[in-house]
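Remarks on the structure that follows.
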Amino acid sequence: MFADNDPRLSQLLEGIVRLASGDLSSRIEVSPARDELDAIIMGTNLLAEDLQIIYEELEQRVQVRTQLLHEAHLEMQKMAMQDPLTGLANRSALLEALKGALDADGGSGDSPALLLMDLDAFKSINDSLGHTAGDHVLSIVGQKIRSAVRASDVVARLGGDEFAIVLPGASCDQAGIVAHRILAALAEPIDVPGRSVRCGASMGLSCGGAGKTPEDMLMEADVAMYASKAEGQNRLHRFEPGLLLVRRLRSQLVEDLRGAIQSGGLMLHYQPVVELGTGRIEGVEALVRWNHPSRGFIMPDEFIPLAEEAGLISELGNWVLRTAVHQLRDWLDASVVDGSFSVRINISATDLQSLQFIEDVRAVLKETGVRPEQVVLELTEVAIVKGNELDRYSLGGLRGLGVGIEIDDFGTGYSSISYLRRLPVDRVKVDRSLITGLGTDSSHPALVAAVLQLVRACGLEAVWEGVETAEQAEILRGLGCLSAQGYFFSKPVPPEQIPELLAAKPESAREQE
Ligand code: C2E
Ligand code: MG
Ligand code: MG
């Protein structure tokens with residue numbers, strides 16, 4: 001037993017107080033007596049030891065958890081600033097980088113440049129090859145941009161097929177060089193499973209300057225990019241204030257066009273295609289016209305590119321298709337034309353790439369009961385060449401419906417013999433530029449004869465477009481050409497005038513009288 005005044009009692013109490021106050025490393029001294037009190041002291045020390053170990057383990061665990069939390073937080077921050085598909089920066093990160101670059105300038109003249117770009121053919125790739133292929137193309141494009149710029153430049157995907165690059169401290173000229181480097185990199189084909197596609201881009205450039213905000217620069221680059229888009233593929237424009245007005249007028253026109261397609265502001269004119277041997281009208285070509293409420297008639301060369309760009313071309317194409325085939329049905333019903341008469345319809349590259357278009361053609365044929373041979377689709381060489389392998393599939397699909405397919409504006413570019421033989425088409429429409437010299441230039445008939453021979457060697461037939469004089473018609477007939485079209489026979493006319501033209505005596509019959 002120990003005495004009440006045993007000093008170890010107060011040592012024990014003090015030790016417990018130290019432990020209780022958090023000093024888990026403190027221990028209470030054990031006396032040589034090794035009596036019951038020492039046993040309690042030793043027990044308390046063991047308890048302290050245990051507590052210390054548990055406490056240290058806990059500390060360690062808290063440390064690990066804190067580290068994990070910190071990492072997760074960083075990851076979340078990164079995710080909030082990163083485009084998950086391409087691993088590039090996202091819009092918020094871009095704006096932040098742009099703000100940083102503008103702030104760093106601080107009036108020293110070392111302003112940043114901003115490039116904005118939009119892929120030209122992405123929508124059709126995505127629509128026709130599917131989203132997986134689309135995603136693949138986007139990430140390859142991201143890599144191509146990344147490797148065309150400096151490590152300090154910030155590359156972002158702003159969503160969809162829009163990319164942006166902040167070039168800190170770059171002059172406008174330097175940014176222009178980088179832009180062209182990117183355009184060149186994008187001109188190379190991209191492999192997606194089973195095929196390869198090309199995806200050019202339209203670019204806009206805004207150069208920083210005193211007092212500009214990131215939003216100002218984005219807006220400027222966007223307006224400049226818009227101007228590039230309007231000019232066709234693979235362009236770069238630098239922002240100028242004048243472009244703002246152009247854009248406003250253009251967006252007004254797009255709105256007007258949207259309205260016109262939906263509420264009957266468009267109409268079709270029809271231009272006869274004539275059999276050269278007899279002067280008989282064998283068919284017509286449907287040519288779309290827009291009767292604009294304040295601007296009067298607008299011709300397709302002006303608004304078809306606008307429709308393409310504004311994503312209205314499929315709607316427009318479907319309207320033209322339906323209107324023309326229904327018109328043919330009406331003429332057939334009224335016995336104005338017979339079963340050998342055909343209607344030619346111009347289709348755009350976008351129509352050609354959309355599988356929906358094949359369904360639209362099938363539907364209108366079924367609905368009207370018009371025989372497919374009486375419908376000929378005209379598509380330009382550019383449309384076929386510009387597209388990818390899928391076009392051949394779409395062409396095959398259309399061909400399977402039994403409609404005629406004709407290459408329009410033949411001779412203006414791309415044709416090669418092997419290409420002509422490969423395509424599932426049955427006729428070409430020779431561009432009018434090939435016969436402009438006919439009748440004035442004595443060497444010209446030889447050229448026409450050679451083109452005719454080439455077309456026939458490929459197993460095709462030719463229609464000659466843009467015949468403006470009797471002499472041209474006569475030379476073509478003399479060379480053995482079968483069909484032609486042009487102002488000499490008739491300009492494109494409203495549908496009401498077609499019965500009258502059909503009833504008139506053919507030119508050749510009149511000559512023979
Ligand atoms: P295209 O298919 O090659 O149509 C022929 C164009 O040449 C028409 O111009 C026609 O009016 C014009 N033309 C006909 N004969 C002569 C002639 O003897 N001399 C001259 N100088 N020109 C002649 P238009 O109607 O302005 O159409 C221009 C282009 O717009 C068309 O070229 C076609 O590519 C496109 N287009 C027209 N309608 C449609 C449509 O409904 N859908 C689509 N996607 N494109 C269309
Ligand atoms: Mg045509
Ligand atoms: Mg043509």
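Quick test for you: out of Ser139, Ser152, Ser111, pick the one residue that is over 30 Å from Arg27 (Cβ atoms) and part of a helix (DSSP H, G or I).
Ser139
I'm checking my understanding of the structure. Among residues of the range 384-394 that are at pLDDT 65 or above and either of a type in the set (Phe, Trp, Tyr) or touching a strand residue (DSSP E or B) at 6+ places or on another chain (Cβ under 9 Å) (or both), which one is least open to solvent (accessible area, probe 1.4 Å)?
Here the answer is Ile384.
Which of (1) under 28 Å from Leu502 (Cα atoms); (2) open to solvent by less than 30 Å² (accessible area, probe 1.4 Å) does Asn318 not meet, given it meets every other one?
(2)
In the range 250-276, which residues are over 25 Å from the mean Cα position of the chain (by Cα) and open to solvent by less than 50 Å² (accessible area, probe 1.4 Å)?
Selection gives Gly265, Leu266, Leu268, His269, Tyr270, Gln271, Pro272, Val273, Val274, Leu276.
May I ask you to list the residues in the range 118-130 that are within 11 Å of the chain's Cα centre (by Cα) and either without any contact (Cβ under 8 Å) to a residue 60 or more places away in the chain or assigned to a strand (DSSP E or B) (or both)?
Listed by number, the residues that qualify are Asp118, Leu119, Asn126.
Does Ala310 satisfy being within 16 Å of ligand 3 (Cβ to nearest atom) and buried (at least 16 other Cβ atoms within 10 Å of the Cβ)?
no
If I go through the range 450-471 residue by residue, how many of them are in contact with a strand residue (DSSP E or B) (Cβ under 8 Å, 6 or more places away or on another chain) and near ligand 1 (Cβ under 9 Å from one of its atoms)?
3
Is the range 149-157 home to any residue that is within 21 Å of Lys229 (Cα to Cα), within 15 Å of the chain's Cα centre (by Cα) and either modelled with pLDDT under 95 or among the charged types (D, E, K, R) (or both)?
The answer is yes; a qualifying residue exists.
Please count how many residues of the range 420-449 are surrounded by fewer than 12 Cβ atoms within 10 Å (Cβ to Cβ) and within 16 Å of ligand 1 (Cβ to nearest atom).
Looking only at that region, the number is 1.
Scan the range 395-414 for residues that are surrounded by fewer than 20 Cβ atoms within 10 Å (Cβ to Cβ) and either of a type in the set (Asp, Glu) or modelled with pLDDT under 85 (or both) and report the count.
4
The values are calculated or read from the model by the stated rules, or taken from the named source; none is laboratory data. Source: prediction; values computed, not measured. Cβ atoms come from the backbone with ideal geometry, glycine included; neighbour counts cover every protein chain shown. Remember, those area values only see protein heavy atoms, side chains included, never the ligands or the DNA or RNA. Shrake-Rupley method; radii C 1.70, N 1.55, O 1.52, S 1.80 Å.
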